[in-house]
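Visitor: Pasting in a structure now, in structure tokens, and then I'll have a few things to ask.
No lab work stands behind these numbers, since they all come straight from the coordinates. Every value quoted in this text rests on a predicted model; they were computed, and no experiment measured them. Cβ atoms come from the backbone with ideal geometry, glycine included; neighbour counts cover every protein chain shown.
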Amino acid sequence: MSEWRPLSSADIAARRGDLLERTRKYFADQGVLSVDTPSLSLSAPSDPNIQALSVDDSDHYLHTSPEFFMKRLLAAGYPDIFSICRVFRGGERGRNHLPEFTMVEWYRHSMTLDAIVADTVQFIAEILERPTLSGKLRRQDYVTAFRRMLDLDPCTASIDALANAAAADKRLRASIGDDRDAWLDLIMATKISPEFDKDGLTVIQHYPLSQASLARVCPSNPQVADRFEVYFGTLELANGYVELTDADELACRFEQDLRVRRARGLPELVRDEQNVAAHRAGLPDCAGVALGFERLHMIDADTDDIRNVVSFA
């Protein structure tokens, strides 16, 4: 007989409800507008590291994030906004990953990198009811973390040096090849994040431009982007950045993503022209954050398996 029972208890579901209520209250208290966006889209993100799920017998994709719709709202004159929604990603399965999960995403007008980092840390501490997390925060630049822990400059190190730092065997070297960002991601996951405070928050900021995503270039250092990630121990909780607002640069980054996708043999995608048009109309200066809600619940429930905080997977 097929197993039909839920993966977690009613107590877990009740606590999830509490955390969701706290999330909505956090933003309501600050006057941030709650918005809903479609789950279906005619375009998919060009990011080669994100796999969108297409809908059979349709030219639509399930959204991997509400980001592009929310930016269109901002370009149309909306104030600070947030969304709590289910999102979908292919190839996402494991102790920290599910192909369907809940994302909390928000955008703030005129926030600097320091301000949006502080806002994100405050959000996490308040939702988890752990005010001491703010005081235990460790924050460092991406390049500094590599130099401090591995005596390696991630922006200039050769592929061979990166492979050596990852202690890669011949099979792994052949699999990753010359993909610099894949090596950097592997090193971050296996060599650097395991050294983070296991019971505290760590913020890594100023990622290399090759990992800028849709973040603006740092005004004080054109070699890096105003992007950051927040970790609890080794668990990546949130990804955020001060947004790129230049439409021409956005179009160039889309094209670069598409070139990488072709080189990797990934499916061809149509560029999101509506997003480019919104930027041309005028995306205001803003910063945004995407946070995995189930991962936040994992910390609250003191578990290292995401399946322990969902009813079904």
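Visitor: Over the Cα atoms of the stretch 57-115, how large are the radius of gyration and the largest Cα-Cα distance (Dmax), in Å?
Guide: Taking only Cα atoms of the stretch 57-115, I get Rg and Dmax of 14.3, 45 Å.
Visitor: At 222 nm, what value in deg cm²/dmol follows for the chain if DSSP H runs of at least 4 each add -39500 (n - 2.57) and the sum is divided by all its residues, to the nearest 500?
Guide: Calculated at 222 nm, the ellipticity per residue is -11000 deg cm²/dmol.
Visitor: Please compute the modelled spin-label separation between Arg271 and Thr190, points set 7 Å along Cα→Cβ, answer in nm with one decimal.
Guide: 3.6
Visitor: Give the residues of the stretch 175-215 whose amide nitrogen is closer than 11 Å to a point set 7 Å from the Cα of Ala263 in the direction of its Cβ.
Guide: 178-182
Visitor: Sticking with this one: Taking the stretch 19-140 on its own, what percent of its Cα-Cα pair distances exceed 23 Å?
Guide: Percent of Cα pairs beyond 23 Å in the stretch 19-140: 42.
Visitor: Can you give the translational diffusion coefficient of the stretch 162-244 in µm²/s, computed by Stokes-Einstein from the Kirkwood radius over Cα pairs at 20 °C and 1.002 mPa s?
Guide: 155
Visitor: Which residues' amide hydrogens lie under 5 Å from the amide hydrogen of Tyr207, considering only partners 5 or more residues apart or on another chain, with H built in the peptide plane?
Guide: Sorted by chain and number, the residues that satisfy this are Ala225, Arg227.
Visitor: Which percent of the Cα-Cα distances in the stretch 142-196 go past 15 Å?
Guide: That fraction is 37 percent.
Visitor: Given N residues in the chain, what is its alpha carbon radius of gyration divided by 2.2 N^0.38 Å?
Guide: Dividing the Cα radius of gyration by 2.2 N^0.38 Å gives 1.00.
Visitor: ³J(HN,Hα) across the stretch 198-206 via Karplus (A = 6.51, B = -1.76, C = 1.60, θ = phi - 60°), whole Hz, x for Gly/Pro?
Guide: Karplus values, whole Hz, x for Gly and Pro: 5, 10, x, 9, 10, 10, 9, 10, 6.
Visitor: Based on the Cβ-Cβ distance from Asn49 to Thr132, what FRET efficiency comes out when R0 is 45 Å, to the nearest 0.05?
Guide: 0.85
Visitor: For Lys198, go through the lysines and keep the ones whose alpha-carbon is under 22 Å away, minus same-chain ones fewer than eight residues off.
Guide: Partners found: Lys136.
Visitor: Could you check the simple spin-label distance between Asp305 and Leu209, using points 7 Å along Cα→Cβ, in nm with one decimal?
Guide: Here the answer is 4.5 nm between the modelled labels.
Visitor: Under 11 Å from the Cβ of His109, count the other residues' Cβ atoms, weight Lys and Arg +1, Asp and Glu -1, and hand me the total.
Guide: Result for the neighbourhood of His109: -2.
Visitor: To the nearest 0.05, what FRET efficiency results for Ala115 and Ile159 with a Förster distance of 35 Å applied to their C-beta separation?
Guide: E between Ala115 and Ile159, to the nearest 0.05, is 0.45.
Visitor: Say we join alpha carbon atoms closer than 10 Å with springs in a Gaussian network model of the chain; which of Asp80, Asp302, Asp141 then has the biggest fluctuation?
Guide: Greatest mean-square fluctuation among the candidates belongs to Asp302.
Visitor: Determine, for Val242, Val55, the number of other Cβ atoms within 10 Å of each Cβ, and report the residues in order from fewest to most.
Guide: Least to most surrounded, the residues fall as Val55, Val242.
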